[in-house]
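This report concerns only the one structure given below.
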Amino acid sequence: MKRVSVLLLTISMLFLTACADSGSNSPGNEASHNSTSEDTRVLRFATDLSEDYVSTVSLKKFAEEVYEKTNGAIEIDIYAGGQLGEEASCIEQVQMGALDMTKSSMGALTSYNETLSLLGLPYLFKSTEHMWTVLNSEIGQDWLDSMSGTGMKGLGWIDTGSRCFYSIDPLESLEDFDGLKIRSMTSSIYVDTIEALGATAITMPANDVYSALQTGVVYAAENAIPAIMDRSHQELCHYLLLDAHNYLPEMILISESVWESFSSEEQAILQECIDNFEVNHRAAQAEADAEAIEKLKDSGMTIIEVDDAFKSELRLAEQPVYDKYGVGNEALIEQIESMA
């Protein structure tokens, strides 16, 4: 029934896309290439983030580069704002070959690939630089390769910055988490991460968080800093704790059947453009994080810094998460930590 519902959703979206003028404008849905050649292959890339979100803008630039380097043979249209469905639905569509490409958080992917749970360990990465050192190593390539057999191929990574807690009331000590209802991604490791701090995790799609904060279903959430502005959560939450509990990259996915349909030359071009995207977007994300913090301050949000003592207390509270999800990977975790 789950696959049938996804298929019906896909059929309806294909119909709407065919009826819309903007569905095949050009690479990245920009209006610079309004006439698509019969020899051009058009791929649909879905993201749940808005048109002007930092990663969406970077993905549009990636699409433009692919179009240029393939001399118009491959066109990638970016469908932002959840036009083609929520994150989980888009992953299923890519797995079935009904959608060409998408990006996914690790929380959504762990149900397909438990190997990736390790990336969600709280306070595993000490900084953005530490995370990229790991992702650019054999460890990161092994994580991408681990998608083999799922019907999807991991092409590369999207830097999403650090994930931090934000709340209606201040979070200045571990005691402030006690009993607090916090929105969580639908993944056991993120639920356990929140509950290890003494809080109560409430799972829901990202698009439902604003109303949940408004109605008291939850009193806090956690996300990348620019996403707070993107979803207007600062209107309801007035405190941001810069704890950076996760430097959690997202993965760029392509349907395996779509990937295998390309020539080796086309695959090489796509991979080259993904590699360039990673470098360019990393700089864009760092700039977006800094700008978002300033905008949040200007909106009246109180920014709470985390000193070493508080960070150590938070990390110690999360040890049960390491004991549960790190079993059998102790050596790898130690290797990752030593790369900081």
Residues to consider are Ser111, Ser167, Ser187, Ser127; find the one that is modelled with pLDDT under 95, more than 16 Å from the chain's Cα centre (by Cα) and under 29 Å from His281 (Cα atoms).
Ser127
Residues that are touching a strand residue (DSSP E or B) at 6+ places or on another chain (Cβ under 9 Å), farther than 27 Å from Thr150 by Cβ and in contact (Cβ under 8 Å) with a residue 24 or more places away in the chain: does region 199-211 have at least one?
yes
Any residue in region 158-170 that is open to solvent by 10 Å² or more (accessible area, probe 1.4 Å) and within 20 Å of Glu330 (Cα to Cα)?
no
Condition check: more than 27 Å from Cys237 (Cβ to Cβ) and surrounded by 15 or more Cβ atoms within 10 Å (Cβ to Cβ). Does Glu318 satisfy that?
no
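The values are calculated or read from the model by the stated rules, or taken from the named source; none is laboratory data. Predicted, not measured: the structure shown is a model, and the values here were computed from it. Cβ atoms come from the backbone with ideal geometry, glycine included; neighbour counts cover every protein chain shown. Just so you know, the surface numbers come from the protein's heavy atoms only, side chains and all, with ligands and any DNA or RNA stripped out. Shrake-Rupley method; radii C 1.70, N 1.55, O 1.52, S 1.80 Å.
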